[in-house]
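Structure first, commentary second.
The values are calculated or read from the model by the stated rules, or taken from the named source; none is laboratory data. Quick caveat: nothing in here was measured; it's all calculated off a predicted structure. Here Cβ is always computed from backbone atoms with ideal geometry, including for glycine, and neighbour counts include all displayed protein chains. Note: areas computed on protein heavy atoms with side chains; ligands, DNA, RNA excluded. Shrake-Rupley method; radii C 1.70, N 1.55, O 1.52, S 1.80 Å.
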Amino acid sequence: MKRLKTLCGAVALASTVALTACGGSGTGSGVAQSGGDLVMARADEATSLLPSVPTDNASIWVIEEIYDTLTVPDQSGKSVQPSLATSWTQSPDKLSWTFHLRKDAKFTNGKAVTSADVKFSIEQNQKSDAPFSFIDTVITKIDTPDAATVVFHTKKPWSPLPADMALYANSIVPADYGGKSATEFAKHPVGSGPFKFASWSKGSSLKIVKNAKYWRKGLPHLDSVTFTTVPDSNTRATQLASNQIQINEYPSNSSIKTLKAQPNLTVNMFPSSEIDYLSMNVRRAPFDDVNVRKAISLAIDKKAILQAVYYGHGTLAGGFLSPTTWAHNASIKPVPHDVAAAKAALAKSSHPHGFTTTIMVGSGSQDSSSEAQLVQGDLAKIGIKVKIKTLDPSAESTAKHAGNYDMAFGLYTTDIVDPDEIARFAGTYDGGSNTLYSGYKNSKMDALAATASSSSQQSERKAAYDKMQQIIADNVPYIPLFYVPGIYSYGKVKGFHPAATGNYFLEKVQLTK
Amino acid sequence: MLRWFARRLLLAIPVVWGVVTISFFMMHLAPGDPARTALGEKASNASVAALRHQWGLDQSMPLQYLNYLKQLVHGDLGTSVYYHAPITSLMAQRLPVTIILVVLSAILTMLISVPLASRSATHPNGIAAVAVRLFNAVVQGAPTFFIGAMLILFLGVRIAIFPAGGYPADIGGRAWALVLPALTIALGTVPIMVRGLRAAMIESYGSEYVAFARSKGLPERPIRYGYVLRNAGISGVSILGIQVGALASGALVIEQVFAIPGMGSMLMTGILNRDYALVQACTLVFGLLVVVVYLGTDLAYARLDPRARLS
C-alpha cells in the first residue's frame, strides 16, 4: 500500500495553534446504537474502485468494504481467515492450490458468487498494466471444475498463495464485469462485500450503504458510511471536534498530544506493518563502503528523531521485517546511537575524515524534512556534511527508481499477510525496488527468498527470513528506522480496529450515542 | 464595438496557445513519471512500461505535443489518468464551484473595501482610518491559509455558525459552506483594493469638479456617490480585474484548507500525480478565465468612463 505523508508544511504550523484551542463535543464511550451514517474524513480521494487498478489507500479501504476476497487477513496480520473460500489445500506435488467457495455469497446484483467470477477477477489482476500483477504472475492457469471450486496452478511451489488471495487487488468481481465495460463497471461497482456502492460525488464524498443480504449474518451494523475528502489535517481535526465527522484518518503526529487531552475523542494506535527507513545508494562512492554505511547507522540518534518528529509514536526498528509478521527476527536489535563507534567505523573506511553528500527529501512532508535536519546534525558530528535536497514526491520517486540519489527516506507497508512480498521488495535486487533503491545485490538473498516461498514448513521459512534480515543488518544497504503504528482519532464510534494490513472491517463498527 | 470585440478575441488566441504550450512543456520536462506514480512503487517495471505505452508516453515529445494540440482543436481535453475520467466531465463538476467561489470573493472584496476606503478617504486622520490601516497590515501580513484556519476555528468551531470545512450535498448547505472560504480569499485582496480606492477617492476629493459641486451647494452624500466614487470606481475596476488572477490562485490554496472540491484542489492533485492532461486543462481554463475577465474589465471601463473608446 502506498501512503504519501503529505502534510502541507505551512498549514501544520497553524494546526498546533488551532488544536490547542478547540473543544470537543463527541462522547468516546457511549452506548452502541444500530444503524446510522458514519462519516470518515481522509486526506486524499479514492482514485478508482476497480480492484485491479488503484494503489492508494483511499481506494483500497473502500474496495475492501465493497468486495470480498477469497481469504481475509486476521486482525494481527499474521495469517488469513476464510472469507469467500471456506477451505484451501495445496496439492501433494505442491504445484496447485484448490479453493472451495462458500455457496451462500451473492453479489449485490443478486447473482451467486461462483468459480467463474473468481477466475475472471484474478485474471484482471494478471494483466500487465495492473500494479499488483507481480503478486499473481506465479499463477499459470486457473481451473474451475465446478461452480464452487477453483484450482490455481503455480509455476513453482508457492506457500504465500492463500495470503495473496487476501489482497484487495484480488477482490472478486462478477465475471465479465456483469456484461459491462471496465469503465462502466467502475462507475457502479458491484461486489459481495458488507457494503454496497451508493454514490460518488468526485472531489468531496463517496457513500456506501449496508448490504442487507451480506452473507455474514447480522453484519454490518451501520446503515451507511460516507468518506469525505478533507486534504488539510487541521480541518479534519476541527471537524472531528465538532462531530461533523466521526473518524479522522491520519491525524498529524504533532496534533496527537492535544487530541488525546480532549475527553470526548479517542486517539488509537493500531499495530501496522509500516517501517520507515533511510536508504543509501551503494552504487555510489562512498556508500559502496560498508564501513561508511555502518558509521552512518551508528551516528544517527534514532531515539531523538522518534521523539522529535514522531512524538514517540513508534518503536526503534531492528530487522527489516515488521514485528507484525511471524517472520520478524527479534534477535536483531536496533543499532545503538554511539558517536565513538561511528567515528571508529568511519576511520576504517575509505573516507576516514568524512565527506560531503546529499539527502533527498520529498516536498510537502514536514516530517521528512525535520528528520533530514536531525540526520544532518548527527552526521556533522562525525565529519559527514549533508546537504538537504528537496524534490516533489513524483520526482523523488523517479530519482529513487533511477538510483539517482545519495541518501533518501522512505517507508513501506505490506499488502499481504505473508512475509514473502516485503522479503522480496526490501530484501532482493529484483524484487521491484533494487533492495529499497540502495542497489545492494546479493545472490544469497534471492536464494533465501526462493527457499522461503517454496517451503511449506513454517520453521524452514522462518529460518530463511531470519537469515535475510541478518544479512541486511550486517551489510546496512539501508537503515530500518522505526516500526510505525497506524494512528486514528475518532469520536462517537465503537468497534473500530484496523488490521495490521490496514483493513478497516467497517462491518463491525458501530456509532455510539 | 463588434470589430473591437472580434479583434480582442483574435488576440486571445496567441495568449491561450502560449499558456497551453508552456504548461505542456513545463509538465513534460519536470522529473517524475505519471505511470510510476499511478502504479505505486511496488509495481514491476514491465507494468510501468505497459502503462506508459497505453498512455502514449513512449512517443517522442514533439509528437505528443502535436497530438495534444490536435486533440485540443477538436475540443477534447483528454482523460485524467488520476481520476480515470474524461476531463470535460471533471470540469463540469469543478469549474462552477471555483467560479462561484471567485465571484463570491470578488463581491465580498467590494462589500468590505468600499466602506473602508470611503471612510478612510473622508476622514484620513480619524481613528477609523488608523484602524483600517492596521487591519490592512495584519490581513496582508498573515498568509491566507492561516486566516482560513483561524476563521474555521472561530466561526466554525467556537461559535459554530459555519461548517468547519467540507462541501455538503444540498444547495443551501453549499452556499453556506462557501462563505468562509470566499471571505478568506477576499481578505487577501481587500488591503490592495482599499489602498487603491482610498488614494483614488482622496485624489477625486481634491479635484475641481468636486470643488465645483460643493460650490454649487450639493450635499456630501451625492458628491461621494455621484462624483467621487464614480471616478474612483474606474481604478477600483482595474484593480479588481488584475486581482482576479490573485483571487483564482487564492482559491487554489483555500480550497484545500476548506475541503472545497473546485479547480484548485484538482490542479494540486494533478500536479502531484503528474496528470499531464489534467494540469494542462486546468491551466488552459484558468488562462481563459483571466482573458475573459480582462475583456470584461475593458468593457466596464468603457461603461464607466466615456473618455475610454473601444477602438
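General observations
- Surrounding net charge for A:Gly377, when Lys and Arg each add one and Asp and Glu each subtract one, Cβ distance under 15 Å: +2
- Just checking the listed ones, B:Thr122, B:Thr98, B:Thr144: in the Gaussian network model of chain B with Cα springs under 10 Å, the one fluctuating most is B:Thr122.
- Remark: spin-label model distance B:Ala131-A:Ser199 equals 4.5 nm, labels positioned 7 Å along the Cα→Cβ axis.
- Heavy-atom surface analysis with a 1.4 Å probe gives region B:80-199 a carbon and sulfur content of 75 percent of its accessible area.
- Protein heavy-atom accessible surface, 1.4 Å probe, per residue over chain A: 35 Å².
- Under a model in which nothing but the beta-carbon of Lys, Arg (+1) and Asp, Glu (-1) is charged, region A:68-179 shows a dipole of about 140 debye around its Cα centre.
- Structure-based [θ]222 nm, chain B - -39500 (n - 2.57) summed over DSSP H runs of at least 4, per residue, nearest 500: -25000 deg cm²/dmol
- Cα gyration tensor, chain A - rounded (a/c under 1.5), prolate or oblate: oblate
- Amide H to amide H distances under 5 Å link A:Ala198 with A:Lys207, A:Ile208, A:Val209, where only residues 5 or more positions off or on other chains count and H is placed in the peptide plane.
- Computing FRET efficiency as 1/(1 + (r/R0)^6) for B:Val16 and B:Ala302, where r is the C-beta to C-beta distance and R0 is 22 Å, gives about 0.40.
- Peptide ranges A:166-173, A:99-106 listed from the most packed, as the mean C-beta count within 10 angstrom indicates: A:166-173, A:99-106
- Cα gyration tensor category, rounded, prolate or oblate, for region A:68-179 with a/c compared to 1.5: rounded
- Dipole axis of chain A (+1 Lys, Arg; -1 Asp, Glu on Cβ), positive-most option in A:Val386, A:His153, A:Gln457: A:Val386
- Checking the cross-link pairs A:Lys441/A:Lys467; A:Lys302/A:Lys462; A:Lys78/A:Lys196; A:Lys207/A:Lys257; A:Lys127/A:Lys508 against a 22 Å limit on the alpha carbon distance flags A:Lys302/A:Lys462; A:Lys78/A:Lys196; A:Lys207/A:Lys257; A:Lys127/A:Lys508 as lying beyond it.
- Over all other residues within a Cβ to Cβ distance under 11 Å of B:Leu267, the charged ones net out to -1, with Lys and Arg as +1 and Asp and Glu as -1.
- Look at the dipole of chain A built from charges on Cβ: of A:Leu511, A:Ile66, A:Tyr405, the Cα furthest out on the positive end belongs to A:Leu511.
- Helical runs (DSSP H, four residues minimum) scored at -39500 (n - 2.57) apiece and divided by the length of chain A put the mean residue ellipticity at 222 nm at -8500 deg cm²/dmol.
- About the centre of its Cα atoms, chain A shows a dipole size close to 620 debye [charges on the beta carbon of Lys, Arg (+1) and Asp, Glu (-1) only; nearest 20 debye].
- In degrees, nearest ten, helix B:87-122 long axis to first principal axis of chain B (Cα): 20 degrees
- Solvent accessible area, Å² - A:Val267, 1.4 Å probe, full protein context: 20 Å²
- Considering only B:Gln280, B:Val210, B:Pro168, and ranking their Cα positions along the charge dipole of region B:93-304 that arises from unit charges at the beta-carbon of Lys, Arg, Asp and Glu, the one farthest toward the positive end is B:Val210.
- In chain B, the longest principal axis of the Cα atoms and the axis of helix B:263-272 are about 40 degrees apart.
- For region A:185-273, a crude dipole built from +1 on the beta carbon of Lys and Arg and -1 on the beta carbon of Asp and Glu, taken about the Cα centre, is about 360 debye to the nearest 20.
- Rounded tilt (10° steps) of B:2-29 against the dominant C-alpha axis of chain B: 50 degrees
- Partners for A:Lys141 among aspartates and glutamates (Cα-Cα distance below 20 Å; same-chain residues under 8 apart left out): A:Asp93, A:Asp117, A:Glu123, A:Asp129, A:Asp164, A:Asp176
- Highest-first packing order for the peptide set A:483-496, A:384-397 is A:483-496, A:384-397, based on the mean count of other beta carbon atoms within 10 Å.
- Average Cα contact separation per residue, chain A, under 8 Å, 6 or more apart, as relative contact order %: 23 percent
- Accessible surface buried by the A/B pair amounts to about 3600 Å², both sides summed, 1.4 Å probe.
- For peptide B:169-176, the mean count of partner chain Cβ atoms within 10 Å of a residue's Cβ comes to 1.
- Other protein chain C-beta atoms within 10 Å of residue C-beta, averaged over A:235-242: 6.
- Residues in region A:69-111 that a label on A:Glu460 would reach, taking backbone N under 12 Å of a point 7 Å out along Cα→Cβ: A:94
- A:Val493 long-range amide H proximity, modeled H, under 5 Å: A:Thr512
- Shape class for region A:292-443, computed from the alpha carbon gyration tensor (a ≥ b ≥ c): rounded, with a/c under 1.5.
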